[in-house]
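To start, the structure itself, in structure tokens.
The values are calculated or read from the model by the stated rules, or taken from the named source; none is laboratory data. Not measured: the values here are computed from a predicted model. Please note: Cβ atoms are built from the backbone with ideal geometry, for glycine as well, and neighbour counts cover all protein chains shown. These area figures cover heavy atoms from the full protein model, side chains too; ligands, DNA and RNA do not enter into them. Shrake-Rupley method; radii C 1.70, N 1.55, O 1.52, S 1.80 Å.
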Amino acid sequence: MATFVEFLSVLNSAKQQAIFWHNQTDNFSEHKALNAFYDELLERLDGLVESVAGIYGRPQGYSVVEPTDWTSTDDTIAYFKNLYQYVETERKSLYQESWIQNQIDEISELIAQTI
């Protein structure tokens with residue numbers, strides 16, 4: 001079960017991964033989808049962190065997974081499907097207030113739209 005900062009670290013790493021793949025793919029629709037994902041995820045993560053920090057304090061102890069190079073659109077889709085599953089599984093171990101879970105819903109929705 002992930003802590004809140006571990007959860008955020010995975011999502012921040014996904015944002016960085018999307019930026020790398022956005023710059024590397026030669027598939028125009030994938031390029032645009034990745035751009036939309038990292039732009040929107042930045043905003044959604046910022047809102048989640050700021051609202052949670054007001055009640056529980058600022059998260060500390062972030063980690064980052066090193067991005068990998070783009071290989072194929074199929075691998076990109078598989079990555080985002082795994083990310084979606086991660087969010088849906090780990091959200092159960094996070095703060096359960098409806099307003100926090102609603103913000104996580106928006107992140108899940110963004111991942112699903114990207115897929």
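Tabulated data for the structure shown
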| read-out | value |
| --- | --- |
| Subset tally (residues that are within 30 Å of His31 (Cβ to Cβ) and either aliphatic (A, V, I, L, M) or loosely packed, with under 13 Cβ neighbours inside 10 Å (or both)) for the stretch 90-101 | 0 |
| Test for Glu88: is it closer than 18 Å to Glu6 by Cβ, of a type in the set (D, E, K, R), more than 11 Å from the chain's Cα centre (by Cα) and in a helix (DSSP H, G or I) | yes |
| Lone unmet requirement of (1) under 15 Å from the mean Cα position of the chain (by Cα); (2) over 16 Å from Thr3 (Cα atoms); (3) in contact (Cβ under 8 Å) with a residue 40 or more places away in the chain; (4) open to solvent by 60 Å² or more (accessible area, probe 1.4 Å) for Arg44 | (4) |
| Residues satisfying the stated conditions in the stretch 18-41, i.e. open to solvent by 30 Å² or more (accessible area, probe 1.4 Å) and not in a helix (DSSP H, G or I) | Asp26, Asn27 |
| Long-range neighbours under 6 Å by Cβ, at least six apart or interchain, first residue modelled with pLDDT under 95 within the stretch 1-22, second surrounded by fewer than 20 Cβ atoms within 10 Å (Cβ to Cβ) and in a helix (DSSP H, G or I) | Met1/Ser93; Ala2/Glu90; Ala2/Ser93 |
| Subset of the stretch 48-59 that is in contact (Cβ under 8 Å) with a residue 24 or more places away in the chain, open to solvent by less than 30 Å² (accessible area, probe 1.4 Å) and not β-branched (Val, Ile, Thr) - its residue that is farthest from Ile104 (Cα to Cα) | Pro59 |
| Given (1) open to solvent by 30 Å² or more (accessible area, probe 1.4 Å); (2) hydroxyl-bearing (Ser, Thr, Tyr); (3) assigned to a helix (DSSP H, G or I); (4) over 24 Å from Ile100 (Cβ atoms), index of the condition Thr76 fails | (1) |
| Residue among Val65, Val87 that alone is open to solvent by less than 40 Å² (accessible area, probe 1.4 Å) and among the aliphatic types (A, V, I, L, M) | Val87 |
